[in-house]
Amino acid sequence: MADINVDVLVIGAGPTGLGAAKRLNHINGPSWLILDSSDKAGGLASTDITPEGFLYDVGGHVIFSHYKYFDDCIDEALPKEDDWYTHQRISYVRYKGLWVPYPFQNNISMLPKDDQVKCIDGLIDAALDFRVANTKPKDFDEWIVRMCGQGVADIFMRPYNFKVWAVPTTKMQCQWLGERVAAPDVKLVTKNVILNKTAGNWGPNATFRFPARDGTGGIWIAVSDTLPEEKKRYGKKGEVTKVDAEKKRVTLSDGTTIGYDKLVNTMAVDQLVEKMGNQELITLSKGLYYSSTHVIGVGIRGERPDRIGDKCWLYFPEDNCPFYRATIFSNYSPYNQPQADVKLPTLYLADGSKASSAEAKEGPYWSIMLEVSQSTMKPVDEENLLKDCIQGLINTEMIKPEDEIVSTYHRKFDHGYPTPALEREGVLKELLPKLQDMGIYSRGRFGSWRYEVGNQDHSFMLGVEAVDAIVNGAVELTLNYPDFVNSRQNTERRLAQSFNFASSSSTKAAAAAAPKANGATDIPTRDRAASKVSVNGGHSRTSSKQVK
């Protein structure tokens, strides 16, 4: 017998794992336990804080939702009006010294005349070809040319997507696209070029919410706080070292063993199969590709400049900077940086020169968060990346050479983006069912490796729907039909619904055993929403591949 036995074990306290745990707690049926090797919830939706007091999410995250159940759960966790800010997305593409409104392909009226001609030529050719096409695009690159034409493909789509994915568009499939990429309306684009107009906001995140305090990670710590302490094992005592699928037993780093009937796994599926030691699945997982992400933060003294204004996030297709996206993180909340009366010394000026004085001075302060992708096809000079990014900010006129930098942040995430490579579907259609036959539901951004359902709302609902599939055989719509859930209001589940499951004797026994084994006296509270970091992080991986 294992030290602890539960009906459902959840590995990982990111959005997917918390979705599963929240649903298990809601229906109050099977016994359960959630594990995470970090001592705070959040996973890839966490928030870090620098020693100087600047907050940075571990990547660009905002809250917009396709699901009422997701809304219910985060509103329960952060219920007060002043817990949130609501923003209109102000987003641009930086091209040839211009700020072109997002999406680029709908706003070529902003481009120089020569580029307008190239783009219109391509759009007309694409529209004509589309009328007679009788086959589907074979890859992402062909989709781009068919939808946007050669002009937009060469000027923006190909260079930008290479900077994001760290792999050429010819090596990516196009089933993942859905609502992720705007298909241009040729008539509207042409009319806007003639009238010199820009197109309005597009996409599901045209309006988004952001937490007032603690960054995005604060949401998930607050959601975790709504769960019973005795059913959470975070930190070293929640670190999984081995998964025995045959015996249905997980071993933790402190030697504790946990028996389960069903396992909801949210760690990267390539890491899972290594911990299982299943050579067949390890070999299969090597057909999955990923890229790494570097998150860079720069804290600057002074008023936010007018040229930055109320911009939210910005895209950079050109090679005058290493980052593909910049987020004006200080615009999301006034609590994402130190208050103006906090005194901080200047580390150095943006051009690398020393400050005239080492004396700590008051603010105000503002901040920028940058993202840089990396793969074997797109190497990065990690040692000089921070310096190169600051120079890129100068090159793109985001900051000036004389700006005073008071704080920097750099963290690497080895598993940054699950690449929708051409091989992906073949692998997943074999790998995920094999795991499920063993009682393992592998879900989440890297658990099920589907970027198209990798937003926070999707990820959370992947966990919720996995639990419903386990408990009553419900169809997992988000995993299997992403276009369907993205095209409708998903109102079937609500937190106010009640359930009446009879607890089995094994459930009661497991519930009694769990608190004794957990010793959960050091579970983090909301005031520990951000970890103190200022150096690079990340893990090396060998089982699945970086794109080559």
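The values are calculated or read from the model by the stated rules, or taken from the named source; none is laboratory data. All figures in this text were calculated on a predicted structure; none of them were measured in a lab. Ideal geometry is used to build each Cβ from the backbone, glycine not excepted, and the neighbour counts take in all protein chains shown. When the accessible area is computed, the model is the full protein with side chains, heavy atoms only, and any ligands, DNA or RNA have been set aside. Shrake-Rupley method; radii C 1.70, N 1.55, O 1.52, S 1.80 Å.
Residues that are among the aliphatic types (A, V, I, L, M), assigned to a loop (DSSP other than H, G, I, E, B) and out of contact with any helix residue (DSSP H, G or I) (no Cβ under 7 Å at 6 or more places or on another chain) within region 319-369 comprise Ile328, Ala340, Val342, Leu347, Ala355, Ala358, Ala360, listed in sequence order. Can you find, within region 269-279, the residue that is nearest to Gly463 (Cα to Cα) among those that are open to solvent by 10 Å² or more (accessible area, probe 1.4 Å) and touching a residue at least 60 places away in the same chain (Cβ under 8 Å)? In this case the residue turns out to be Gln271.
When Cys174 is tested against (1) modelled with pLDDT under 90; (2) in a helix (DSSP H, G or I), exactly one condition is not met: (2).
Among the conditions (1) assigned to a helix (DSSP H, G or I); (2) at positive phi, Glu397 misses just one, which is (1).
Taken residue by residue, region 449-466 has at least one member that is charged (D, E, K, R), over 16 Å from Lys22 (Cβ atoms) and touching a residue at least 12 places away in the same chain (Cβ under 8 Å). Of the residues contained in region 329-349, none is found to be in contact with a Leu (Cβ under 9 Å, 6 or more places away or on another chain) and charged (D, E, K, R).
Could you tell me whether any residue of region 326-334 is out of contact with any Phe, Trp or Tyr (no Cβ under 8 Å at 6 or more places or on another chain) and of a type in the set (A, V, I, L, M, F, W, C)? Looking for residues that are out of contact with any Phe, Trp or Tyr (no Cβ under 8 Å at 6 or more places or on another chain) and of a type in the set (A, V, I, L, M, F, W, C), one finds none in region 326-334, hence no. Candidates Ile144, Ile124: the one that is in a helix (DSSP H, G or I), open to solvent by less than 50 Å² (accessible area, probe 1.4 Å) and among the hydrophobic types (A, V, I, L, M, F, W, C) is Ile144. Test Lys171 against the criterion of being surrounded by fewer than 18 Cβ atoms within 10 Å (Cβ to Cβ) and within 29 Å of Leu479 (Cβ to Cβ), and give yes or no. Spelling it out, it is not the case that Lys171 is surrounded by fewer than 18 Cβ atoms within 10 Å (Cβ to Cβ) and within 29 Å of Leu479 (Cβ to Cβ). Take Gly42 and tell me if it is of a type outside the set (A, V, I, L, M, F, W, C), at pLDDT below 90, touching a Gly at 6+ places or on another chain (Cβ under 8 Å) and at positive phi. Answer is no for this residue. The residue of region 477-501 that is nearest to the chain's Cα centre (by Cα), among those that are hydrophobic (A, V, I, L, M, F, W, C) and open to solvent by less than 90 Å² (accessible area, probe 1.4 Å), is Leu479.
Reported count of residues in region 373-394, each being outside any loop (DSSP other than H, G, I, E, B), open to solvent by 80 Å² or more (accessible area, probe 1.4 Å) and of a type in the set (S, T, N, Q), is 1. Would you call Trp84 among the hydrophobic types (A, V, I, L, M, F, W, C) and within 23 Å of Gly299 (Cα to Cα)? Taking the combined requirement at face value, the residue satisfies it. Checked against the criterion of being aliphatic (A, V, I, L, M) and modelled with pLDDT of 95 or more, region 234-243 has at least one qualifying residue.
Take Ile405 and tell me if it is at pLDDT 95 or above, open to solvent by less than 20 Å² (accessible area, probe 1.4 Å) and in a strand (DSSP E or B).
Taking the combined requirement at face value, the residue satisfies it.
Here region 310-336 is the region considered, the condition is being out of contact with any strand residue (DSSP E or B) (no Cβ under 7 Å at 6 or more places or on another chain) and of a type in the set (S, T, N, Q), and the residue that is modelled with the lowest pLDDT is Asn331. All of Gly53, Gly59 fail the test of being open to solvent by less than 10 Å² (accessible area, probe 1.4 Å), part of a loop (DSSP other than H, G, I, E, B) and not aliphatic (A, V, I, L, M), apart from Gly59. Restricting the search to region 345-372, which residues are in contact with a Pro (Cβ under 6 Å, 6 or more places away or on another chain) and open to solvent by 60 Å² or more (accessible area, probe 1.4 Å)? Once the filter is applied, which keeps residues that are in contact with a Pro (Cβ under 6 Å, 6 or more places away or on another chain) and open to solvent by 60 Å² or more (accessible area, probe 1.4 Å), region 345-372 yields Asp351, Ala358. The set of residues in region 285-310 that are open to solvent by 30 Å² or more (accessible area, probe 1.4 Å) and within 27 Å of Val269 (Cα to Cα) comprises Lys286, Tyr289.
Just to be sure before I move on: is Phe64 crowded, with 19+ Cβ neighbours inside 10 Å, at pLDDT below 90, on the phi < 0 side of the Ramachandran plot and of a type in the set (A, V, I, L, M, F, W, C) in the structure I sent? Against the criterion (crowded, with 19+ Cβ neighbours inside 10 Å, at pLDDT below 90, on the phi < 0 side of the Ramachandran plot and of a type in the set (A, V, I, L, M, F, W, C)), Phe64 does not qualify. If you go through region 471-495 and keep only what is hydrophobic (A, V, I, L, M, F, W, C) and in contact with a Phe, Trp or Tyr (Cβ under 7 Å, 6 or more places away or on another chain), you end up with Leu477, Leu495. State whether the residues of region 74-84 include one that is of a type in the set (Gly, Ala, Ser), free of Cβ contacts under 8 Å to residues at least 24 places away in the same chain and open to solvent by 10 Å² or more (accessible area, probe 1.4 Å). No, because not a single residue in region 74-84 is of a type in the set (Gly, Ala, Ser), free of Cβ contacts under 8 Å to residues at least 24 places away in the same chain and open to solvent by 10 Å² or more (accessible area, probe 1.4 Å).
Residues in region 85-100: is at least one β-branched (Val, Ile, Thr), outside any strand (DSSP E or B) and open to solvent by less than 10 Å² (accessible area, probe 1.4 Å)? No, there is no match, as no residue in region 85-100 is β-branched (Val, Ile, Thr), outside any strand (DSSP E or B) and open to solvent by less than 10 Å² (accessible area, probe 1.4 Å).
Scanning region 189-233 for residues that are part of a helix (DSSP H, G or I), at pLDDT 95 or above and surrounded by fewer than 19 Cβ atoms within 10 Å (Cβ to Cβ) yields Asp225, Glu229, Glu230. Of the residues Ala20, Ala41, the single one that is touching a residue at least 24 places away in the same chain (Cβ under 8 Å), in a helix (DSSP H, G or I) and crowded, with 20+ Cβ neighbours inside 10 Å is Ala20. Across region 417-444, the number of residues qualifying as outside any helix (DSSP H, G or I), open to solvent by 10 Å² or more (accessible area, probe 1.4 Å) and either hydrophobic (A, V, I, L, M, F, W, C) or at pLDDT 95 or above (or both) comes to 3. Looking across region 28-87, the residues that are more than 17 Å from the chain's Cα centre (by Cα), hydrophobic (A, V, I, L, M, F, W, C) and farther than 29 Å from Leu9 by Cα come down to Ile49, Phe54, Trp84.
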